[in-house]
Amino acid sequence: MSMPSPVTSELKAWLPSRPFSVVAGSRVSCPAQPHCRSFAAFSEGRRSLNSKEQEDCACLPIFRLECAESADCLPVLRGLTSELRSRDLHVAVAVLPGHHLAAFLPEAGVNPLSAAGCDLISLVDGLMHLSHQSVAPDNTLEYLRDLCRIYDIILVAGETVFDLPVFRLQQGISNEARLREAGRLIHLLDCTADISLSADSVVDLLGEITTRVPVWACVLIGGRSSRMGRAKHLLDAPGGLTWLEKTVGILQPFVERVVLSGSGQVPQSLQNLVRLPDIPGVAGPLTGILSAMRWQPDVSWLLVACDMPSLSAEALNWLIHSRRPGSWGTVPRRSPASHVEPLLAHYDSRCRALFEHILTSGSRRIGDVARHEKIATPVIPGQLIAAWDNINTPEELRLQTL
């Protein structure tokens, strides 16, 4: 049975304007362009990534696809992408210059991977040359990075001017499943084995990549606090700290950086923290998370309200360890039937497209993000639920301190 592409038109529309063709259906259009450069021109000047690019690539699910001469790769690739799609992973094959398109397109203009729910991304024209309107060699990484905003894994077929880790499909694996050749990391996938085992290997590798993505925290302050009658983030916590100082102190061991979103006075001890400006015309938590993601689009974010005095290290540990390949965020709920809790939640960088869509739709409800299939909404373990309790009134504060 054919599996539809999971990438919605809203997500595709949000991608920066790029001259590649995202082929979600069964046919691929690769129109010839009038000015082209040959493969040789593309492959000249092959280089290694600099240290910053290597660091960035280590957090990106981009792999070059290679096929051993003895392997019949297309059926295996079709089976592998179908298995990954069944595990809720968005998969795309990006075809670059230096690859023989006919291997993927046995019938001209047809995407043979569409039945597996895999999109085919063409960065070359019908003559298999690099068009002047297509991607220049030094910009290829940026194009692939853009695709990572809506796909969970990108398999690159073709030549790049930089090295990528490799998935190599071959008949049998006699030694290690990973090896290095000329500095490149090669991940071997056995074409003769159960396809689910190869998918397990890919998912395990994606799990490693997921944990490499830096996690930052954005603490929301500056709400009206109309029911409390004073700024909640400045309320007193045990130990002579404010609620905000306590919240930041609990977060810091779990994240690489903490920033603040919202206006209002901040304790002297936190004056060195970055204060993110609101997006003009946007109020509430949506301006906080979107401002953070626009400022630092390549990290994942914990969004934390300042009025949760029972926030605990155990709750943060559970939330951060909920990250999984294929999941773009964790917005938990107290019970299977309850609403979600978006103000103590984890959002992957790919959630930015979802928040941008919420903004343009006119909705300002940040919890709407949990309606997307890529957002996990697990039930909070009973012993941790208190961490999600927020305090809004003097009476709630009195009861909380009893």
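Readers should treat all values here as calculations from the given coordinates under stated rules, not as data from a laboratory. Fair warning: this is a prediction, and the values are worked out from it, not measured in the lab. Glycine also receives a Cβ, built like all others from the backbone with ideal geometry; neighbour counts cover every protein chain displayed.
As a rough footprinting exposure proxy, the listed residues His187, His339, His233 were ranked by other beta carbons within 10 Å of their own, and the order from fewest upward is His339, His187, His233.
Using θ = phi - 60° in the Karplus curve 6.51 cos²θ - 1.76 cosθ + 1.60, the 3J(HN,Hα) couplings for the range 259-265 round to 10, 10, 10, x, 9, x, 5 Hz; x is entered for Gly and Pro. Extension gain, Asp146 to Arg275: 0.36 nm times the residue separation minus the Cα-Cα distance gives 43.7 nm. Note that the range 231-237 has calculated 3J(HN,Hα) couplings of 5, 5, 5, 9, 5, 7, 10 Hz, one per residue in order, obtained from phi through the Karplus relation 6.51 cos²θ - 1.76 cosθ + 1.60 (θ = phi - 60°); glycine and proline are x. In terms of its C-alpha gyration tensor, the range 215-401 comes out rounded, because the ratio a/c of the largest to the smallest axis stays below 1.5. Stretched out straight at 0.36 nm per residue, the stretch from Ile385 to Glu256 would grow longer than its current Cα-Cα span by 44.0 nm.
Sorting Leu276, Leu185 from the fewest to the most surrounding beta carbons within 10 angstrom yields Leu185, Leu276.
In order along the range 202-214, the phi-based Karplus estimate (6.51 cos²θ - 1.76 cosθ + 1.60, θ = phi - 60°) of 3J(HN,Hα) comes to 5, 5, 4, 5, 4, x, 4, 5, 4, 6, 7, 5, x Hz; Gly and Pro are listed as x. Of Glu208, Glu341, Glu245, the sequence from fewest to most neighbouring Cβ atoms within 10 angstrom is Glu208, Glu245, Glu341. Modelled spin labels at Gln171 and Ala283, positioned 7 Å past Cα toward Cβ, are 6.9 nm from each other. In this structure, the amide hydrogen of Ile153, modeled 1.01 Å from its nitrogen in the peptide plane, lies closer than 5 angstrom to those of His90, Ala92, counting only residues at least 5 positions away or on a different chain. Figure legend: label point modelled 7 angstrom from the Cα of Thr393 along Cα→Cβ; residues of the range 229-251 with amide N under 19 Å from it are 229-233. For Ala237, the residues whose modelled amide H falls within less than 5 Å of its own, excluding neighbours fewer than 5 places apart on the same chain, are Thr242, Trp243.
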